[in-house]
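Contents: one structure, followed by commentary.
Just so you know, all these numbers are worked out from the coordinates, no wet-lab data involved. Since the model is a prediction, treat every value here as computed from it, not as a measurement. Neighbour counts are summed over all protein chains in view; Cβ atoms, including those assigned to glycine, are modelled from backbone coordinates with ideal geometry.
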Amino acid sequence: MSTLVSNIGELVSESDNLPARAQRYAFSFDHGVITWIGPEDRAPQCDDIIDAHGGAVLPGFVDSHAHLIFAGDRSADFAARMSGDSYSAGGIASTVTATRAASDAELRSNAQRLVGQMHSQGITTLEIKSGYGLTVSDEQRALRIAREFTSETTFLGAHVVPAEFKSDPDAYVDLVCGDMLTACAPFSRWIDVFCDRGAFTPEQSARVLLAGKAAGLKVRLHANQLESLGGIEVAAACGAISVDHLTFMSDMELAVMAENNIVATLLPGVEFSTRSPYPDARRFLEAGITVAIATDCNPGSSFITSMPFCIALAVREMHMSVDQAVRAATAGGAQALDRHDVGRIEPGMSADFLTLDRPSIDYLAYSPGTSPVQRVFRGGQLLRSSHE
Ligand code: NIG
Ligand code: FE
């Protein structure tokens, strides 16, 4: 059955072949896939019509970085930071203890609640990492549960060194590259490491990424959140698709990312929630790097499920234009996940799109705290509606 989406205020398709904000445009889809896009007065006859009521329409958001399989509560850490404490990788340990002690049902229902919030705010594709289990069985369990929500799952056994390996971190790296990887690879599409102060060195990170790659996983990396240790060079050498965080970046590191066509995934929720300096996105864009924005939803550094809020932060604090930020949250996220079927409204793409209750995408950043996302469609099916 064919469906026409019409009466659109402005259509932001993220297609390179169309105006950035197309006026009086429409598109159609059939069996969940976009079939046509063009001026409304040339629209094909369709079986059904979705009336956007003059609201803006854009691709569903692609959130390429989230840690949703955990238990416990770290709201007090946030409050302490706002009273002057600083963020360190060490806080992850308390979430690990709570996650190991939780039942599958508890982990599943926590993730379900967060995924529901993400859908309501327009995220139609999302990635989920392990990393709060840090034993062979707890990491595998996290990925099994993550798989219930998305095919974009990431094995992050190398999140931090767990307490029981503190005296011999390299033995933990051996475990991650050995039995843990063997148990987790069947449930993962990606391998990731937290390469930063208090987590893993560049040498350890390279070992894990290369082992993951040899097991058939695609490579991504957490780096340069707390300081620059050399993770960018490791990412380039290991063929990473995306490096995430990048709060602290030298010009040389930007050049390495550009040369190697690595996506820069910026996580403004982290700078917000850890009161850190925001990276200037203009430096990345001027270097010719593709930028993605993701929520990094996790209990420690960014307990945020709202992509519109992240867009507002990227615009206000990272100096992106609204158009650049929306592109980063859609087509940029898709590139960060090496996905070619989502993130744009174009023939052949999945019919993942949002209608806003406002005529332009500017409202995503202009009116933070009130989401203009009205209806969320994935594969042509209504996933969420604010009228529910
Ligand atoms: O992406 N930076 C490393 N990992 C997470 C934070 C994890 C935590 O604090 O629980 C992140 O920010
Ligand atoms: Fe993260």
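Remark: segment 127-134, residue by residue, has Karplus-estimated 3J(HN,Hα) of 9, 9, 9, 7, x, 10, x, 6 Hz, where x stands for each Gly or Pro and the curve is 6.51 cos²θ - 1.76 cosθ + 1.60 at θ = phi - 60°.
Report the gain in length on full extension from Asp47 to Ala215: 0.36 nm times residue separation, minus Cα-Cα distance, nm rounded to one decimal. Walk me through the intermediate numbers first.
On the way: separation 168, 0.36 × 168 = 60.48 nm, distance 4.62 nm.
Answer, rounded to one decimal: 55.9 nm.
Once the C-beta distance of Glu227 and Asp16 is scaled by a Förster radius of 41 Å, the resulting FRET efficiency is 0.65 to the nearest 0.05.
Quick one: Kirkwood hydrodynamic radius for segment 86-240, alpha-carbon pairs, angstrom, one decimal? Each step should come with its number before you reach the end.
Numbers: mean 1/r = 0.0637 Å⁻¹.
Across segment 86-240, the inverse of the average 1/r is 15.7 Å.
Asp251 to Ser386: extension gain in nm, 0.36 nm per residue of separation minus the Cα-Cα distance?
Details: separation 135, 0.36 × 135 = 48.60 nm, distance 4.34 nm.
The Asp251-Ser386 span can extend by a further 44.3 nm.
Would you mind getting me the FRET efficiency between Ala258 and Ser151? Use the beta-carbon distance for r and R0 = 22 Å, nearest 0.05. The value I calculate is 0.15. Between segment 26-90 and segment 244-277, what's the alpha-carbon centroid distance in Å? Taking the Cα centre of each part, segment 26-90 and segment 244-277 sit 21 Å apart. Model label points for Ser75 and Ser360, set 7 angstrom from Cα along the Cα-to-Cβ axis, are 3.7 nm apart.
For a quick check: sort Lys166, Lys129 by the number of other beta carbons within 10 angstrom, fewest at the front.
Numbers: Lys166 11, Lys129 28.
Sorted ascending by nearby Cβ count, the order is Lys166, Lys129.
Measuring spread by the Cα atoms of segment 61-336 yields a radius of gyration and Dmax of 16.9, 49 Å.
For Asp192, Asp170, Asp47, what's the fewest-to-most ordering of other Cβ within 10 Å of each Cβ? Please report the intermediate quantities before stating the final value.
Working: Asp192 30, Asp170 13, Asp47 10.
Lowest to highest Cβ neighbour count: Asp47, Asp170, Asp192.
Taken along the Cα-to-beta-carbon direction at a fixed 7 Å, the label points for Ser321 and Asp85 span 4.2 nm.
Arranged from fewest to most other beta-carbon atoms within 10 Å of their beta carbon, Phe155, Phe187 become Phe187, Phe155. Each stretch of four or more DSSP H residues adds -39500 (n - 2.57); spread over every residue of the chain, this sum gives -9000 deg cm²/dmol at 222 nm.
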